[in-house]
Amino acid sequence: MSARTRRWVLVGLEIGVTALIIAGVWLYSERAVSYVVAPVPDIAARFRETFLFAQFGSDVLPSLLRFALGFVIACIVGVGVGLLLGRSLVLRLLTTPIVSFLRSTPAVALLPLAIVLIGIGTPMSVFIIAFVCCWPILLNTTDGVVELDPTLRATVESYGITGLDRLRLVILPAISPRVLAGMRTSISLALLLLVVSEMIGNSNGIGNFIFQAQQTFAIADMWAGIVLLGVLGYLVNTAFGAVERRLLRWHVSERRA
Amino acid sequence: MLEVQGLSKTYGSGATATRAIDHIEFDVSESEFVSVVGPSGCGKTTLLKCMAGLLEPTSGRTMLLGHQVTRSPPEMAVVFQDYSRSLFPWLTVRRNVALPLRRKPEIADRERLVAETLAAVGLAGFEEHYPWQLSGGMQQRVAIARALAYQPKVLLMDEPFASVDAQTRGELEDLVLSVRRRFGVTCVLVTHDIDEAVYMSDRVVVLTSPPSRVLETVAIDLPRPRNQVTTREHPSFGHLRGHVYQLIKGRAGRSPAPGPEEEFATT
Amino acid sequence: MEGSDALARAPAQPGPVVSPSGGSNVRARRGRPFAERRGAAFALGTLGVLLVFALAELVSRANIVSPQDIPPASRIVGELVSQLGTSEFWSQVGATLLGWAVGLGIATAGGIAFGVLLGSSVYVRAALRPTVEFLRPVPSVALIPLAILVWGQDLGSKVFLVVVGALWPIVIQSMYGVSQVDDVARDTARSYGLGASERLRFLVLPSALPFIATGLRIASATALIVGVTAEVVIGNKGLGNGIALAQAGGNVELMYALILTTGVLGIAIHMLFSAFERPLLRWHTSQRGTE
């Protein structure tokens, strides 16, 4: 098969099989008697009615806010503390067991704790997201600093580059590939914690919406919410990927060179 | 200009202690070009790092213009062997060269300085490139430009041409010689390449195996400006080269033909 | 070269900025710094843990923080120790591990199969790409209400969610591992007449093994998180449920004790899978190094 034919076959497969799957799911949703499933058109309708834009402000926005706030705090704290730990071997050794433990604890186990300490509502969501998501970032930052190339270090020292200059122009760019990898992990965690913290600890938000929908057997609503989460997850990952690619222009290309 | 006084460096302690260099002494005069050679593993890089203030010697000291070197002095610039890890890949060529100048606010018109240095190393027009877009030789030129823009009195180079191919090496050797001629920088070159050491230097300091001391300092009175073809064909070149080689191989003092006068180590 | 030469016209520089001669070096050190000595890691690590415990103890007993929020560390440990003697505790641990293991097992089997399939055939990849891209970003927790509808509080809901959560890392890593199979090795195998299933067994799977191991490590952690999530939110039997009940009942010490237990589980799982992964990776990269 020539290369050109092959490309057409692949495109055809992609579109064709996907269309088949969609059709299959659609038909099943219409015919099925189960109470778990709602017809696809209904889901689409509910999706449009609620999230665009009736309940956008009351549910989607708070979720986005919690997510963004928690994640940003996690980044700042993670990078800040990570830099500190990276500089001091003593501090690293002191904190390794604690950090390993906190990082291995399933995030959700801390949710009741957060409720005890902070009560339900937005601050609790932001806290748990920030707290759990800072560990991958922190660990990656520390690793990045520790693994800084010795020749790079020697160069910086020989030219007397210190302080803020060194941090801003050398250290942060040098460790950015690793830090961004850590942030990538944290983003998925953040989404997970957002949804769960809203399900059990908030009176609004997408997670709460889905949960309520299920409780009241508004199945189409429930599926609409699930679809929305999928869309959000996709958008967040894509956006992050784009930012990462832009920031690491020099790095990826360097590897390709 | 530069005085190395009794420099010693021991790594580790107790049973696993390794004496890399032991009581090294030599001087470098202003605008002089001195190479440091020796058998493999003889602590040449250790010596250079101590001289540059990057490594703390176990004893002894380096004096620069009458003052002791403790941290990296602004009068010294270092060119490392591994340019790919010494240049900052996230900065353009221009920014790489300009970055160390932040330490020297007294230098006016940095933009022009950067442009002229890059032109001096033959990289005019590549200012906005990133290091990974350049060949190895070009990257090392950027490192040299960066060192030059820093306006040091002393240029220290740690096997700077070991990672490039032979032809590029010749070009870079001549480049260093020409910028030295032009800006009067004092140069100390650490290398394992005897030909290179003889070709470029006024004097060659030969080290022993570890614990390394100065075995002998060989004066190179080949005519300047040096030329890759004519200098290497000069009758003295072979003698000098052979003498250094024999020193390193441990059979000093048995040169088969009369050679130029050799200066003995001043310890 | 004529004309302005910024380099040659360097302004007179101030005197060398080095410390006056004669003084001892600023960073003189006797011997090696403490932190680099052998055993320092263990000593400092233990010290760190003890410090945190001491802090928790003090802060609570001195009433800086209400003991209802953060009980003294000693009491938490005491509660944990006494829990170790109860069958209720161990059945909770068992339930958590059961859901985790079953879910992870299904995800592993299905994930490797699916991942290898995707990695081996560019046609299958093309056919399923949009579907996979659509399904992947859906967080497993989003399906909690669905799970409740179908299984209620039975084990099935927990296992379902664990499978969804743990599936993708394994699929991605398996797919990637298959794509990394050395072309030369593949051609060699083919030229020796090895059939597709033999190639799979003797070439593809072993080559992909290190990547699959990495995927397993990631998935095992995710599986634990999702499993505990299900227990907290849905109320399946397990540590998560225990934690939620303790919190609701105001039994703060028990809550902390159980959280600590999940942390210990998390570390144990992490260490277990890392132990498997490391030798496989070493074999792989060192093998690559000899090429």
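How many residues are exposed (fewer than 15 other Cβ atoms within 10 Å of the Cβ) and within 12 Å of chain C (Cβ to nearest Cβ) when one looks only at the range A:10-35?
Looking only at that region, the number is 11.
Take residues that are within 22 Å of residue A:72 (Cβ to Cβ) and tell me which of the helices (runs of 4 or more DSSP H) falling wholly in the range A:83-161 contain 2 or more.
On the way: elements: A:89-104, A:111-118, A:122-146, A:150-158.
Because the criterion is at least 2 residues that are within 22 Å of residue A:72 (Cβ to Cβ), the helices (runs of 4 or more DSSP H) in the range A:83-161 that meet it are A:89-104, A:111-118, A:122-146.
Which residues, taken from the range B:20-49, are buried (at least 21 other Cβ atoms within 10 Å of the Cβ) and within 11 Å of another protein chain (Cβ to nearest Cβ)?
Across the range B:20-49, the qualifying residues are B:48, B:49.
Which condition from (1) among the hydroxyl-bearing types (Ser, Thr, Tyr); (2) more than 30 Å from residue B:106 (Cα to Cα); (3) modelled with pLDDT of 90 or more is the one that residue B:163 breaks?
(3)
Looking only at the range B:128-138, how many residues end up being crowded, with 19+ Cβ neighbours inside 10 Å and either within 11 Å of chain A (Cβ to nearest Cβ) or not in a helix (DSSP H, G or I) (or both)?
Going through the range B:128-138 one residue at a time, the tally reaches 3.
Would you mind listing the helices (runs of 4 or more DSSP H) fully within the range C:161-277 where at least 2 residues are of a type in the set (Gly, Ala, Ser) and crowded, with 24+ Cβ neighbours inside 10 Å? First the steps, then the outcome.
On the way: elements: C:183-191, C:196-199, C:205-233, C:239-248.
The qualifying helices (runs of 4 or more DSSP H) are C:205-233, C:239-248.
Among the residues of the range C:196-237, which ones are within 10 Å of chain A (Cβ to nearest Cβ), over 16 Å from the mean Cα position of the chain (by Cα) and among the hydrophobic types (A, V, I, L, M, F, W, C)?
C:230, C:232, C:233, C:234 - these are the residues of the range C:196-237 that are within 10 Å of chain A (Cβ to nearest Cβ), over 16 Å from the mean Cα position of the chain (by Cα) and among the hydrophobic types (A, V, I, L, M, F, W, C).
Taking residue A:85 as the residue in question, decide whether it is at pLDDT 80 or above and crowded, with 21+ Cβ neighbours inside 10 Å.
Yes; evaluated as a whole, the condition is true for this residue.
Just a yes or no: is a residue in the range B:118-125 surrounded by 17 or more Cβ atoms within 10 Å (Cβ to Cβ), among the hydrophobic types (A, V, I, L, M, F, W, C) and within 14 Å of chain A (Cβ to nearest Cβ)?
no
Only residues in the range A:227-247 that are away from chain C (no Cβ under 12 Å) and in contact (Cβ under 8 Å) with a residue 60 or more places away in the chain count as the first member; pair them with residues that are buried (at least 17 other Cβ atoms within 10 Å of the Cβ) and of a type outside the set (Lys, Arg), Cβ under 7 angstrom, at least 6 apart or cross-chain, and list the lot.
Close Cβ pairs (under 7 Å, with a partner that is buried (at least 17 other Cβ atoms within 10 Å of the Cβ) and of a type outside the set (Lys, Arg)) amount to A:244/A:180; A:247/A:176; A:247/A:180.
All but one of (1) closer than 28 Å to residue C:124 by Cα; (2) among the hydroxyl-bearing types (Ser, Thr, Tyr); (3) more than 30 Å from the chain's Cα centre (by Cα) hold for residue A:18; state the number of the condition that does not hold.
If we test residue A:18 against (1) closer than 28 Å to residue C:124 by Cα; (2) among the hydroxyl-bearing types (Ser, Thr, Tyr); (3) more than 30 Å from the chain's Cα centre (by Cα), just (3) comes out false.
Scan the range B:5-38 for residues that are aliphatic (A, V, I, L, M) and not in a strand (DSSP E or B) and report the count.
Matching residues across the range B:5-38 total 2.
Check off (1) in contact with a helix residue (DSSP H, G or I) (Cβ under 8 Å, 6 or more places away or on another chain); (2) farther than 27 Å from residue C:255 by Cβ; (3) without any contact (Cβ under 8 Å) to a residue 24 or more places away in the chain; (4) among the small types (Gly, Ala, Ser) for residue A:163 and give me the number that stays unchecked.
It is condition (1) that residue A:163 fails.
Failed condition for residue B:63, given (1) touching a residue at least 40 places away in the same chain (Cβ under 8 Å); (2) within 15 Å of residue B:214 (Cα to Cα), with all others met?
Among (1) touching a residue at least 40 places away in the same chain (Cβ under 8 Å); (2) within 15 Å of residue B:214 (Cα to Cα), the lone unmet condition for residue B:63 is (2).
Can you tell me which residue in the range A:88-104 is surrounded by the most Cβ atoms within 10 Å (Cβ to Cβ), limited to those that are in contact (Cβ under 8 Å) with a residue 12 or more places away in the chain and either touching a Gly at 6+ places or on another chain (Cβ under 8 Å) or of a type in the set (D, E, K, R) (or both)? Reasoning before the result, please.
Start the filter on the range A:88-104 by keeping residues that are in contact (Cβ under 8 Å) with a residue 12 or more places away in the chain, which leaves A:92, A:99, A:102-103.
Adding the requirement that they be either touching a Gly at 6+ places or on another chain (Cβ under 8 Å) or of a type in the set (D, E, K, R) (or both) leaves A:92, A:102-103.
Details: A:92: 21, A:102: 18, A:103: 19.
Top of the filtered list is A:92.
The values are calculated or read from the model by the stated rules, or taken from the named source; none is laboratory data. Keep in mind the model is a prediction, meaning the values are calculated, not measured. A quick note on method: Cβ atoms are made from the backbone with ideal geometry, for glycine too, and the neighbour counts reach across all protein chains shown.
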